Every structure is written in structure tokens, then in C-alpha cells.
């Protein structure tokens, strides 16, 4: 009997270790400051059915600004109050992303046209006063835009591959005192650099749907929904790291933003199988030395 009991104890220990290792193995590859396998969630208003972009005003996460792809509606959502303020363009989309500079909101249409309107107009049923900036880009699809407060630059990334082979084009704009964007620079991201960071021979493509700058590390985070890839570049746009994204967590990642604490927010658009959702990944304060050591090991 005693031998049998010892056997049972040994058996359960082995099984426990097996399941513990199995659970640990499910942890996703993640940037050093985040755990992409352990998000919390923010409830999304039911009326916001097609999230294609999110942003904060000066990193304040108490107000979440979002754009609805199909309706052309801009939402300001207060999670703690469960209150929604909404304004709409009287035109057809799709609208893909939004950014806030000072007192103006910029909205990106998938053709590359950029619209801006005063923040004080939020709450009006229809936006009757706005400015249109067109003919900035070659023909294509554009879904990712971000405004960097530190440099007063607007960044827009081409989603579709143009005549160029296996690269993605990015554009930066200076914003003048009147809030008018002026194209200042363009550069490319070669898919081969992503493959190198993923340690993968070849990727089918890289089609950015969201971009944001980490306020803590100053790194640029770019997400490609189609390929489920998170690509990280340093402050000077040099490739740093790349991570495959688990589709069970990132069903359709379309929007991304950081708050002042460095917490990462990623919005998934609704699909046939899942409702839209907003995932939050808390910032993990890691020492620069430990992060550098891990990167060298990679």
C-alpha cells in the first residue's frame, strides 16, 4: 500500500511538472517590457463595431479616441464612465486611423487622403468644418498613421506593395503652426530585415495596419494584421526586433496606442467569430542592462 501511495505521489508530481511546462510554453515571444500572452481588456461600446484605429490625447488613457472604419465616425470613449461622444463625416470611407495634435484631430482615409478638424467639434452629429489634404501619396492603401508629439511629425505607412519589390514605404510630415501637414521625408522597410529578426526564411508580405511610438523606450511599434507580425524599430527607424502574434489574442489588430505609463493598447476589429475588443498590456519596468543582455542573446 505504501509503495502504491508513493507511486501516486510521484505520478502527480510528474503530471504537475508536465502541465506547468505546457503552460509556460504557451507564453508568447514578447518585447522585453511586455507579456503579449497576458493582456487585460477594456470594454468596447457596442455601437463601435468596426475599430480601425485608436489614439489618446497626450497619452491620457481615461479618454480613448477611436475611428469606425465603415461609418466614418470618430468616437471619444470614457471607459470609467461608460460614456461615448461621437461625431461623423458625411462621406464614404473606409477610414483607417486617427491621430491628435494639439487641438486638432487627423483622420486617415484608406486612399491616403488626410482630414483634420478641431477637437472642440467632437460631439457634433456631423462634422461640418474640416480640412482635406490629398495627393500626398502614390496610389495604394494606407491604414497606419501616428503623430509624434516630441518631433511634431505625422507618420503614414503604405499598406499595399507598390511597384517596388518586397518593401514597405513610410512617409513623415512636418505640421506647421496652422496644423497643415507638409511632406518632409520618406523611407523604406525591407521585408528581408523583418525575416532576419523573425529568423524566418521568407514572409508572404508586410501590410501595416497600426503604428505607435513607445514613450518609455522611444521605439516604433508597427503591426501587420494579415501576417500577424509586430515589428519594432528604434527611434531612428533602424530594425530592432520582430514578433509573431497569436491569432487567438490578436484576431484582427487594427489600432494601437501607448499611454503615459507605457502601457500598450491594441484594438482588434470585429470578425465573424469575435466581437471587437481592446487588449491592454501593462508596461514592465525592466533595467536597461537586462534588456540589452537579452537582445544580445537574440
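The values are calculated or read from the model by the stated rules, or taken from the named source; none is laboratory data. If you're wondering where the values come from, they're calculated on a predicted model, not measured in any experiment. Because the Cβ atoms are built from the backbone with ideal geometry, glycine has one as well, and the counts that use them run over all protein chains shown.
The table for this structure:
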item: Residue within the stretch 59-66 that is touching a strand residue (DSSP E or B) at 6+ places or on another chain (Cβ under 8 Å) and part of a loop (DSSP other than H, G, I, E, B) present; result: yes
item: Criterion: under 23 Å from residue 181 (Cα atoms) and either touching a strand residue (DSSP E or B) at 6+ places or on another chain (Cβ under 8 Å) or modelled with pLDDT under 95 (or both) - qualifying residue of 77, 115; result: 115
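Condition check ((1) under 24 Å from residue 283 (Cβ atoms); (2) surrounded by 18 or more Cβ atoms within 10 Å (Cβ to Cβ); (3) touching a helix residue (DSSP H, G or I) at 6+ places or on another chain (Cβ under 7 Å)) across all residues:
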residue	(1), (2), (3)
47	no, no, no
51	yes, yes, no
59	yes, no, no
67	no, yes, no
75	no, yes, no
81	no, no, no
90	no, no, no
93	no, yes, no
